[in-house]
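A.B. asks: Below is one structure. I have some questions about it.
The values are calculated or read from the model by the stated rules, or taken from the named source; none is laboratory data. The shown structure was predicted, so the numbers you read here are calculated from the model rather than taken from an experiment. Virtual Cβ from ideal backbone geometry, glycine too; neighbours counted across all protein chains shown.
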Amino acid sequence: MPARQRAAADPRITPERFRAAVAALAPDLGGRVALAVSGGPDSLALLLLAHRAGFDVAALTVDHGLRPEAAAEARHVAAIAAGLGVPQVTLAVDVPRTASVQAAARAARYAAMADWCDFHGVRWLMTAHHADDQAETLLMRLSRGSGLGGMAGIRARRAVEGHAVTLLRPLLGARKGDLAALVAEAGLSAVDDPSNRSDAYDRTAVRALLAGGGIDAAGAAATAAHLAEAEAALAWVAEEAWAGRASVSGEAVTLDARGLPAELVRRLALRAFRQVSGAEPEGPALRRLLADLAAGHGGTLGGVLAEGGAVWRFRPEPPRRAAKMRASTG
């Protein structure tokens, strides 16, 4: 029986094309770039491409303390980075044992990497999210009834809140298998995280669905990119509408929502909530309140007292009113 041939990497995934993808995302990029490198095939491909493309990079590996193998995996990444002449840093974090360990680990990971970037004056952080990740995210959000913002998927570029760091994801157009092939061709061994196959996580089931071949990950990723463009356009329209139809006076916001499409009204109302109380209500509660406001009524939600009419008014819910309501329901 002939030996099984190893799949070759997609020839389109080259350092030159990687550099072009980065330039399209961040034409203002300069200085050192931090790379999130866990040791998996995706992040090792990111490390190889960024290094070969000539970027000044540092590899950041996060030890979440959740698996005994994590320390050895970080040392493995350090050895690979050293072989490339790339500085590597391992960041240890404490992950709260909450109901969603993965979400807590993700938050701790990004906070640690952004803190490191801030401390060292690094403005750019790259991650290795790819087309398969995008497709998984799209399917998960579709099953949860996400709106346009959620269905736009993983953003290729976004600011890290609370930090002077911009997050870049230049591999969203690449397939996972092609990235793994690139790493194998370089003779590198990748870390295998068993949590990626655990039935305890929703993403595992979605990943299995994609592996079945019934859904084209590249097509789903392209759809997410189109939706992201639509989301950006709608966000721009909402910004213009806010400038012309909203007025902020102290802690209160007035909003003229007459004649606007429902989605634009929802976005403007959410901005009013953020302005008044910092709350971001969603779902049925928000829909009911918006219907009440459109009918000329009012209500409270998220610490905000909203009043309907020709022009809507949002202001902090009076403390006495809130206390009285709590007492009446006690």
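A.B. asks: Which of the residues spanning the range 102-148 are closer than 24 Å to E282 by Cβ and of a type in the set (S, T, N, Q)?
C.D. replies: The answer is Q102, Q134, T137, S143, S146.
A.B. asks: Before we move on, is V57 of a type outside the set (D, E), within 21 Å of the chain's Cα centre (by Cα) and buried (at least 17 other Cβ atoms within 10 Å of the Cβ)?
C.D. replies: No; evaluated as a whole, the condition is false for this residue.
A.B. asks: Would the range 23-30 turn up any residue that is within 10 Å of M126 (Cα to Cα) and crowded, with 17+ Cβ neighbours inside 10 Å?
C.D. replies: Checked against the condition, which is being within 10 Å of M126 (Cα to Cα) and crowded, with 17+ Cβ neighbours inside 10 Å, the range 23-30 yields no hits at all.
A.B. asks: Determine whether the range 82-97 contains at least one residue that is in a helix (DSSP H, G or I), of a type in the set (A, V, I, L, M), modelled with pLDDT of 95 or more and assigned by TED's automatic domain parsing to the domain that holds A114.
C.D. replies: yes
A.B. asks: Could you list all residues from the range 224-252 that are of a type outside the set (A, V, I, L, M, F, W, C) and either assigned by TED's automatic domain parsing to the domain that holds A310 or surrounded by fewer than 16 Cβ atoms within 10 Å (Cβ to Cβ) (or both)?
C.D. replies: Within the range 224-252, H226, E229, E239, E240, G244, S247, S249, G250, E251 meet the criteria.
A.B. asks: Does the range 83-142 hold any residues that are among the charged types (D, E, K, R), more than 30 Å from D216 (Cβ to Cβ) and free of Cβ contacts under 8 Å to residues at least 60 places away in the same chain, and which are they?
C.D. replies: If the condition is that a residue be among the charged types (D, E, K, R), more than 30 Å from D216 (Cβ to Cβ) and free of Cβ contacts under 8 Å to residues at least 60 places away in the same chain, then D94, R97, D115, D118 are the ones that fit.
A.B. asks: Of all residues in the range 253-275 being surrounded by fewer than 16 Cβ atoms within 10 Å (Cβ to Cβ) and either of a type in the set (D, E, K, R) or outside the structural domain of G303 (by TED's automatic domain parsing) (or both), which is nearest to the chain's Cα centre (by Cα)?
C.D. replies: R274
A.B. asks: Do we have G39 as farther than 15 Å from L125 by Cβ, out of contact with any Leu (no Cβ under 8 Å at 6 or more places or on another chain) and at pLDDT 95 or above here?
C.D. replies: So G39 fits the description; yes.
A.B. asks: While we're looking at this one, here's another question. For the range 257-294, which positions are among the polar types (S, T, N, Q) and over 20 Å from E239 (Cβ atoms)?
C.D. replies: Result: S277, single match.
A.B. asks: Let me ask something else about it. Would you confirm whether or not the range 100-114 contains a residue that is buried (at least 23 other Cβ atoms within 10 Å of the Cβ), part of a helix (DSSP H, G or I) and in the same structural domain as G153 (by TED's automatic domain parsing)?
C.D. replies: Yes, the conditions are met somewhere in the range 100-114.
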